[in-house]
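Asker: First, the structure itself, so that you have it in front of you.
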Amino acid sequence: DYFLYLGRITEIKGLNIAIQLTKEIGSKLVIAGQGNLKDLGYHVIPPHVECIGFADVETRKRLMKNARALILPTHYIEPFGGVTIEAMLCGTPVITTDWGCFAENNIHGTTGYRCRTMDHFIWAAKNIDKLKPENCRRWAANNFSLKRVGKMYNEYLSSIQNLSKDGFYEKNSNRKNLDWLIKL
């Protein structure tokens, strides 16, 4: 019965929000990642926080499997946030901010909740049990399997192949669809 923060131990990833949130709701926070809480001004680790350091593959699996949710309240415009997809593939819902990649990759109310204020984060943490792990897993697997991502890379590489010709205006006479853009 804990929330998980997995990533670099740095303010820009919103770790202080995760610490404040879990303190506010009276829940345990497990922190796994590179860095030290002292760098964030914590000379004493808060009593509700457990820092375990670097998490190898097996540790990550165990942590995600048993967490109520992964919290990633990133302050900057996160370009992908791979750890959230990893959590979803484990059936673990995510609580994130509402910008950057999360607006596209965290389906609010299905794979997790997107938040803009501490009030939002508190509500999300208190209501995370309403989400079904199988929905998180299904959505992530449908949209980020190797087969699915392969189609995206194929489209991207095909589109840049002709940049030396007509670039943006290059036409693909073999195009049948734009299905690689559909989220499943």
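The values are calculated or read from the model by the stated rules, or taken from the named source; none is laboratory data. The shown structure was predicted, so the numbers you read here are calculated from the model rather than taken from an experiment. Here the Cβ positions follow ideal geometry from the backbone for every residue, glycine too, while neighbour counts run over all protein chains shown. These accessible areas exclude ligands, DNA and RNA; they are computed on the full protein's heavy atoms, side chains included. Shrake-Rupley method; radii C 1.70, N 1.55, O 1.52, S 1.80 Å.
Asker: Quick one: THR22 ticks every box in (1) touching a residue at least 40 places away in the same chain (Cβ under 8 Å); (2) in a helix (DSSP H, G or I); (3) out of contact with any Leu (no Cβ under 8 Å at 6 or more places or on another chain); (4) β-branched (Val, Ile, Thr) except a single one, so which number is it?
Answerer: In the conditions (1) touching a residue at least 40 places away in the same chain (Cβ under 8 Å); (2) in a helix (DSSP H, G or I); (3) out of contact with any Leu (no Cβ under 8 Å at 6 or more places or on another chain); (4) β-branched (Val, Ile, Thr), THR22 misses (3) alone.
Asker: Just a yes or no: is a residue in the range 53-76 of a type in the set (Asp, Glu) and in contact with a Leu (Cβ under 9 Å, 6 or more places away or on another chain)?
Answerer: no
Asker: Only strands (runs of 3 or more DSSP E) wholly contained in the range 29-108 count here; list those with 2 or more residues that are touching a helix residue (DSSP H, G or I) at 6+ places or on another chain (Cβ under 8 Å) and under 23 Å from LYS130 (Cα atoms).
Answerer: Answer list for the range 29-108: 69-72, 94-97.
Asker: Using beta carbons and a limit of 8 Å, which pairs, at least six apart or on different chains, have the first residue in the range 88-114 and more than 17 Å from ILE77 (Cα to Cα) and open to solvent by less than 30 Å² (accessible area, probe 1.4 Å) and the second one assigned to a helix (DSSP H, G or I) and of a type in the set (Asp, Glu)?
Answerer: What qualifies is GLY91/GLU134.
Asker: Here's another thing I want to ask about it. For SER173, indicate whether it is open to solvent by 50 Å² or more (accessible area, probe 1.4 Å), more than 21 Å from GLY7 (Cβ to Cβ) and in a loop (DSSP other than H, G, I, E, B).
Answerer: Here the answer is yes, as SER173 does meet what is asked.
Asker: Quick one: in the range 93-127, which of the residues that are small (Gly, Ala, Ser) and over 12 Å from the mean Cα position of the chain (by Cα) is farthest from SER27 (Cα to Cα)?
Answerer: Of everything passing the filter in the range 93-127, GLY109 is farthest from SER27 (Cα to Cα).
Asker: Ok, one more. Inside the range 56-82, can you point out the residues that are under 20 Å from ILE12 (Cβ atoms) and either out of contact with any Lys or Arg (no Cβ under 9 Å at 6 or more places or on another chain) or without any contact (Cβ under 8 Å) to a residue 40 or more places away in the chain (or both)?
Answerer: As a first pass, look at the range 56-82 and keep what is under 20 Å from ILE12 (Cβ atoms): 70-82.
The answer is LEU70, ILE71, ILE77, GLU78, PRO79, PHE80, GLY81, GLY82.
Asker: Which of the numbered conditions does ARG114 fail, given that it passes all the others? Conditions: (1) in a helix (DSSP H, G or I); (2) among the charged types (D, E, K, R); (3) under 17 Å from THR84 (Cα atoms).
Answerer: (1)
Asker: For the range 28-43, which residues satisfy the criterion of being surrounded by fewer than 17 Cβ atoms within 10 Å (Cβ to Cβ) and modelled with pLDDT of 95 or more?
Answerer: Across the range 28-43, the qualifying residue is only LYS28.
Asker: Follow-up. In the list ILE31, ILE19, ILE71, ILE77, which residue meets the criterion of being under 12 Å from the mean Cα position of the chain (by Cα) and among the hydrophobic types (A, V, I, L, M, F, W, C)?
Answerer: ILE71
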